[in-house]
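Notes for the one structure printed next.
Values in this text are rule-based calculations from the coordinates and carry no lab data. Note that the structure is a prediction, hence the values are computed from the model and not measured. Using ideal geometry, Cβ is built from the backbone for each residue, glycine included, and neighbour counts are taken over all protein chains shown.
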Amino acid sequence: MVDNTAFQVLLLIHILAAVVAFGGNFVQPMLQRANTDDAALAKVNKLIQLPALVVLFLAGIGLILTSKVQDVAVFKFDQMWISIAFLVVIVAIVLQYLIARAYENGSTSAVPGLTGGLHLCLIVGLYLMIWKPGL
């Protein structure tokens with residue numbers, strides 16, 4: 001187990017960013033049914049969830065860089081599970097952006113499918129983070 005303060009702080013940031021980035025997508029359908037303004041939902045997506053996904057991505061990079069035990073890297077950029085995780089986060093950023101645009105344009109019929117894609121990104125990301133296949 002990696003046991004240094006920088007790694008632990010980055011891990012905390014990484015987990016908090018995931019909660020902020022993906023958590024709102026579980027609440028948005030209820031907010032829509034409660035007739036929440038689409039412009040407000042677009043703002044939440046653009047000003048909170050999208051930046052949280054970027055923080056998630058950057059903290060993940062920081063975790064890789066600080067994952068050393070006795071000066072030997074535990075996690076490396078060439079590991080398959082990390083490459084897939086990068087792809088998942090990039091797809092999530094695109095989907096979150098498309099959701100924000102849908103709210104801005106008033107074309108909310110696309111939101112449930114895009115949100116489903118984000119839920120799938122979350123599931124795949126959690127699988128990768130927990131089991132780290134190929135490590």
For this session: Determine if the stretch 58-72 includes at least one residue that is under 29 Å from D3 (Cβ atoms), among the polar types (S, T, N, Q) and out of contact with any Phe, Trp or Tyr (no Cβ under 9 Å at 6 or more places or on another chain).
Result: yes
Seminar exercise, completed: Here the residues within the stretch 18-65 that are within 13 Å of T115 (Cβ to Cβ), more than 15 Å from the chain's Cα centre (by Cα) and not hydrophobic (A, V, I, L, M, F, W, C) are Q28, P29, Q32
Seminar exercise, completed: Over the stretch 88-108, the set of residues surrounded by 15 or more Cβ atoms within 10 Å (Cβ to Cβ) and among the small types (G, A, S) is A92, A100, A102
Problem set entry | Hits in the stretch 116-135 (condition: more than 15 Å from A18 (Cα to Cα) and either under 10 Å from the mean Cα position of the chain (by Cα) or outside any helix (DSSP H, G or I) (or both)) | K132, P133, G134, L135
